[in-house]
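Here is the structure we will look at, set down as structure tokens.
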Amino acid sequence: LAIAIPLAAAAIVIIVGHIVPRVVADLIAIAATLATAIACAISLHRAAHRDVVHWFGGWTPRNGFALGIDLVGSPLSAGLATFAACVALAAAVMASRYLDVHSTSFHALLLVFCAATVGFSLTGDLFNMFVFFELMSVAAYGLTAQKNDEAGPIQGALNFAITNSIAGFLILFGIALLYGQTHALNLDQIGRALAAGAPNGLVAGALTLIASGLLIKAAAVPSHFWLADAHAVAPAAACIVFSGVMVQLGLYGVARVYWSAFEGAVPPSNGLRAVLVSVGVLTAVVGAVMCMSQQHLKRMLALSTVSHSGVMLIGVGLLGAKGLAGAAIYVIGHGLVKASLFACTGVLVHRTGKADREHLHGRCRGMPWTATLWMIGGLGLAGMPPFAMYIGNGLIDEASHHEGAGWLLLVGALASVLTGAAVIRAGANVFLGWGPRESDPTSARHGAEQRPDTTEGHDRTPATMFVPALALLVAAAVAGLVWHLVDATEGAAERFIDRPTNAAAVLDGAVGPHVQHAVTGGPPASMLVTGLLTTVAALIVAVVGIWRERLPQSMRELAARAFMPPIRAVRAAHSGHVGDYVAWITLATAALGGALLTVVNR
């Protein structure tokens, strides 16, 4: 039902969208996403003590061999599906007022996207994961190109489509290699088959192709270029699901495929951790630095998503339950806060028709409530308690200390400080008029291309725009206050990585004794202190960025000589030419393949 409801609703919207009032399509989209969220929440509740396994058509396994296609509702997968549906609900509410000038195709595409994210989260079949990946991608291309009478959205959608289609081909080729090796498509059956044999180059190749494709979707550097291009031109309601859900699903796919299919053949090792964590560190640092250098608000938020994706990848790449739990909590906190910030950006575009700091400088002084949400969202990105991101960061830090890599604390802190500071500085420019008016040719071009997605009411902020932004931010704070959620997530992560027990439940119908995670009393003081320190540091960096012209000339020159050359080099790589992006993807795939082949052959 969680997949069928939004797909059926999308078909209904397309059929009746031209003959009924617009409000009917709005209500259908909102009702369908709400029903999907409820269905996913019911699955999550039922998965609390044992995984819920559904075989389509009753084609259950025979003697451990899968004959049909299954959905598996584990706490992590059902939780991610519920989260994705809730974010899609917020986007549907915002789109009910935000997109006056477009047809109901946006509603249909959003519903298809919602169905694909739920299916991707729950499927236990590797080929079906690819199908849902493609369905999600195609819907996202359409959402990006909603304003298809402008050059910018078309170019952004094409870059998005080409790079992510390459990701789909990589995954498909990896699936073909695995099928040739194991004669199976069910993830748990593949895991059993690979665990029974010795690892070889074919296994390394399949892991490389599938992981590379999923890391493109996760916007891991250097395969991240499409993200900023798509976010800069897509409607803000679409950006809510892009940054709030889609990137996180790429990371979930890496974790799901590894622990279910490859863990038996390529067990966790220091070499494998080094490969994944290195990609995460590079992504976190490059994304944070690029975020600080942006004028365009949507590109700034998109590149902050790249940085935080790197932090989440570090949690996954530590290959342990605590790091995975930290990444899961981080997904919730980041997704909710970032979706709220994109909703605020949608308000700014609605009211002013612009989305860059140069044009908006001091023009939004009469929007105190939007300013409040924006600033609080910036503090949430910086890791301020009680927003859930500080807990996710703390769990990842604990996992890194356990693996002897305590220095990773600095990477997570850097991502929090720089991205939070960028948002706070932008808020001070836009809402308060503080700091100099800065000009940037690239950002100015995107700002000039931006136009409102609404045709009237630009003198006020509709409740359908403001309420989702407020609700998402409140939900992020509540998630950080409910410590039972953290205990439940750690227990869910321990179940998630228990491959033999999970395979027995899916293929044999067994009810295995999953390890029960001990209940703790609340966040340790170290997490709170770290969160407060990164928040204070973000405020300091933001203040320095706003009034840097008042610093001594020698200090500014020293900073320029130290930081501007690498920033210019990274910005030059963001050329906007899809051929360049494909070259970077090719390089990233080859490098990952060489590293994984070295790990497998040890």
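Shown for the chain: the carbon plus sulfur share of the solvent-accessible area, taken with all protein chains present and a 1.4 angstrom probe, equals 69%. Pair-distance distribution of region 135-265: all C-alpha pairs, bin width 10 Å, starting at 0; shares per bin in whole percent are 13, 40, 26, 16, 5, 0. Give me the angle, in degrees from 0 to 90, between the Cα long axis of helix 463-481 and the longest principal axis of the Cα atoms of the chain, rounded to the nearest 10. Taking the Cα atoms of the chain, the angle to 463-481 is about 60 degrees. Starting from one equal scatterer on each C-alpha and no solvent at all, send me the Debye-based log10 I(q)/I(0) for region 10-98 at q = 0.26 Å⁻¹, two decimals. Taking Cα atoms of region 10-98 as identical point scatterers yields -1.14. Report note on the peptides 177-183, 1-7: ranked by the mean count of other C-beta atoms within 10 Å, highest first, their order is 1-7, 177-183. A cut-off of 5 Å between modelled amide H atoms, ignoring neighbours fewer than 5 places along the same chain, links residue 53 with 73. Taken one residue at a time, the phi angles of region 77-93 give Karplus couplings (6.51, -1.76, 1.60, θ = phi - 60°) of 5, 5, x, 5, 4, 4, 4, 4, 5, 5, 5, 5, 4, 4, 5, 5, 4 Hz. Gly and Pro are set to x. Rounded to the nearest 10 degrees, the inclination of helix 321-352 to the longest alpha-carbon principal axis of the chain is 30 degrees.
Highest mean packing comes first when the peptides 137-145, 306-314 are listed by Cβ atoms within 10 Å, giving 306-314, 137-145. How many Å² of accessible area per residue for region 337-397, probe 1.4 Å? Counting only protein heavy atoms, the per-residue value for region 337-397 is 23 Å². Positive contributions from Lys and Arg (+1) and negative ones from Asp and Glu (-1), summed over other residues with Cβ under 12 Å from the Cβ of residue 402, come out at -1.
Quick one: accessible area per residue over region 204-304, 1.4 Å probe, rounded to a whole number of Å²?
Per-residue accessible area for region 204-304 comes out at 14 Å².
Scalar couplings 3J(HN,Hα) for region 412-418, obtained by applying the Karplus form with A = 6.51, B = -1.76, C = 1.60 to θ = phi - 60°, are x, 5, 4, 4, 5, 5, 5 Hz; x denotes Gly and Pro.
The local environment of residue 191, defined by Cβ-Cβ distances under 10 Å, has a net charge of 0 under the rule Lys, Arg +1 and Asp, Glu -1.
Sorting the segments 367-374, 581-588 by their mean number of nearby beta carbons within 10 angstrom, highest to lowest, gives 367-374, 581-588. Entry comment: accessible area of region 126-181 is 36 Å² per residue, from protein heavy atoms only and a probe of 1.4 Å. The Cβ shell under 15 Å around residue 243 holds other residues with a net charge of +3, Lys and Arg each +1, Asp and Glu each -1.
Put simply, the amide H of residue 221, placed in the peptide plane, has neighbours under 5 Å in 283, leaving out anything fewer than 5 places away on its chain. Remark on residue 296: its backbone amide H falls under 5 Å from those of 357, a criterion applied only to residues 5 or more positions apart or on other chains, H modelled at 1.01 Å from N.
For the chain, the convex hull drawn through the C-alpha positions has a volume of 134 cubic angstrom per residue. Averaging 1/r over each pair of different alpha-carbon atoms in region 162-209 and inverting the result gives 11.1 Å, the Kirkwood hydrodynamic radius. From helices alone, the chain scores -23500 deg cm²/dmol at 222 nm; the rule is -39500 (n - 2.57) for each run of n ≥ 4 DSSP H residues, then divide by the residue total.
The separation of region 271-341 from region 522-557, counted between C-alpha centres, amounts to 19 Å. Derived scalar couplings between HN and Hα for region 268-273 equal x, 8, 4, x, 5, 4 Hz in order, rounded to whole Hz, by the Karplus curve 6.51 cos²θ - 1.76 cosθ + 1.60 (θ = phi - 60°), x for Gly and Pro.
The values are calculated or read from the model by the stated rules, or taken from the named source; none is laboratory data. Predicted model, so just to flag it, every value in this text is computed and none were measured. All Cβ positions, even for glycine, are placed from backbone atoms using ideal geometry, and neighbour counts span all protein chains on display. Please note that ligands, DNA and RNA were not included when accessible areas were found on the heavy atoms of the full protein model with its side chains. Shrake-Rupley method; radii C 1.70, N 1.55, O 1.52, S 1.80 Å.
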